[in-house]
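The values are calculated or read from the model by the stated rules, or taken from the named source; none is laboratory data. Given the structure is predicted, the values throughout are model-derived calculations rather than measurements. Reconstructed Cβ throughout: ideal geometry from the backbone, glycine too, with neighbour counts over all protein chains shown. Each accessible area value is taken on the protein alone, full model and side chains, heavy atoms only, with ligands, DNA and RNA left out. Shrake-Rupley method; radii C 1.70, N 1.55, O 1.52, S 1.80 Å.
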Amino acid sequence: MKTTNSLSQSHKILFLNTLAFTVCFACWTLNGVLVTFLVDNGIFHWSVVQVGWLLGIPILTGSIMRLPIGILTDKFGGKYVFSLLLLLSSIPLFLLPYADSFFMFALLSFFFGMVGTSFAVGIGYTSIWYPKEWQGRALGIFGMGNAGAAITTFLAPSILNHFSIDNPQNGWKILPVIYAVSLVIIGIAFLIFTQNKKPENNTKTVSQMLVPLKSARVWRFGAYYFLVFGCFVAYSQWLLPNFMNVYQTSLVMGGLFATMFSLPSGVIRAFGGYLSDKFGARKVMYWVLGSSVILSALLAIPKMEITTSGPGILASKKGVVNEINDKIVKIGDKEYPIAQKTANTVANTIFPTTSSWQDVVVAHNQNVAKKELIAKGVTVIKFDANMWVFLVLVILIGISWGIGKAAVYKHIPEYFPNEVGVVGGMVGMIGGLGGFLGPIIFGYLLTATGIWSSSWIFILLFSTGCLVWMHYVITKKISQKQQIKTKVVNDPKLVAAVN
């Protein structure tokens, strides 16, 4: 009975943790929709780079503060840390409607970005309630709170449009207030209905708690999380302006498409925890990183139209041009047929289409030498980057990253069972920095190249780097283990010691 009651209490804590994290994550990604709406409707005139900063600033706060919040969770327990975090983070959201400049908006975004540290609190608070064999699934279920990003991208555009009908200039101010009230309600509920619990051996000093951060393994896990979580957060915000600019979707449709990326990625995280428990986090990460490389390579191909030289026409003998019309060029008694330009009416194709024609470069009565160019060839290669194919690829890479988020955090209780809060906070901080740096990097890449898919090129390079790093470390460890086994077999003293 005691075990059953304990498990029931654990499930209640997990439910409230997940609910609180979902609301926090929805607030954390608020700027993705709100800033896009404000710029698109001319309420604020911010540049692409400024927009990138506003998208990234809340993510920065939620990232850099994860480590100290993780330490506080290990020290004082998740109940009080989480409740205080929810209530304090509501204050800047209540004040956001009064922001009238880039600086004020950025400052308040910095403070309400503290909700992003909720992950470090929840990881430590959730894992302490479950045995090792349950931790992968429990942390995966908790991580489903990432779906809060989908709540924002799905509901926020409609809320903004609804309140802006009667008041186009100030209707947006209702949205941050709704989010602030949600934080207050959940914060009070968390304070009333949860029970505090912290690690038994919590007498370590801060310097002792930070010792695991010297391990290269922590930084490697952080690099993985930079990709699967940080880039997920970045694209949860970046996809909306991407769809609106590249495919000319409306704000609501673009928000729906962004939701189709973030919702499955958040929900699938629980399944990622199950896979990590069943097959091991290492195998799952191989699949995740490999699929990220392949999918980002496909997404990196931009919507484009390339004009290049095509097959032209050379004079087979010398002569004088005596006739030029739409169909032929006549030189002496020799006629040369000219390919005409035709309108390309095919749109939204999956594969590239080509069209070719020839432009006459000679004139009437012109003397033409043998092998001289009569008409130059022009070829146009058009790739529409079909929106529906693009959307499917985006959903698939989001699912892959969602599974990867659970796999990364499956490692932490296994390798650092007594420092989950600290190590989880550090890995989360590195991952969160990806969410902060992502929109800024994407903004600079877009400004420098003028190509929206330049962000996917960055993802391709980073995914490849993570895959190579992981494979190098694993093969090195396997090689070392093999050498030790060989040495034991060939050394009678070691064999005797082992026996």
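Things worth noting here:
- Residue check for A385: touching a strand residue (DSSP E or B) at 6+ places or on another chain (Cβ under 9 Å) and under 30 Å from Y224 (Cβ atoms): yes
- Residues in the range 442-453 that are assigned to a helix (DSSP H, G or I) and without any contact (Cβ under 8 Å) to a residue 24 or more places away in the chain: L445, A448, T449.
- Per this entry, G332 is not counted among residues that are over 30 Å from L299 (Cα atoms), in contact with a Pro (Cβ under 7 Å, 6 or more places away or on another chain) and surrounded by 13 or more Cβ atoms within 10 Å (Cβ to Cβ).
- The condition of being more than 29 Å from L445 (Cβ to Cβ), more than 21 Å from the chain's Cα centre (by Cα), at pLDDT below 85 and of a type in the set (K, R) holds for only one of K278, K283, K318, that being K278.
- Condition met for L314 (touching a Leu at 6+ places or on another chain (Cβ under 7 Å) and within 20 Å of Q358 (Cβ to Cβ)): yes
- Those residues of the range 29-58 which are more than 17 Å from L175 (Cα to Cα), out of contact with any Leu (no Cβ under 8 Å at 6 or more places or on another chain) and open to solvent by less than 10 Å² (accessible area, probe 1.4 Å), in sequence order: G52
- The number of residues in the range 254-297 that are over 14 Å from L396 (Cβ atoms) and not in a helix (DSSP H, G or I) comes to 1.
- Residues located in the range 211-253, provided they are of a type in the set (V, I, T) and either under 13 Å from the mean Cα position of the chain (by Cα) or part of a helix (DSSP H, G or I) (or both): V211, V218, V228, V233, V246, V252
- When the range 210-256 is filtered for residues that are β-branched (V, I, T), closer than 24 Å to G140 by Cβ and surrounded by fewer than 24 Cβ atoms within 10 Å (Cβ to Cβ), only V218 remains.
- Filtered residue count, the range 140-158, keeping only those that are open to solvent by 10 Å² or more (accessible area, probe 1.4 Å) and of a type in the set (A, V, I, L, M, F, W, C): 6
- Single residue of the range 68-90 satisfying the filter (of a type in the set (G, A, S) and assigned to a helix (DSSP H, G or I)) that is surrounded by the fewest Cβ atoms within 10 Å (Cβ to Cβ): S83
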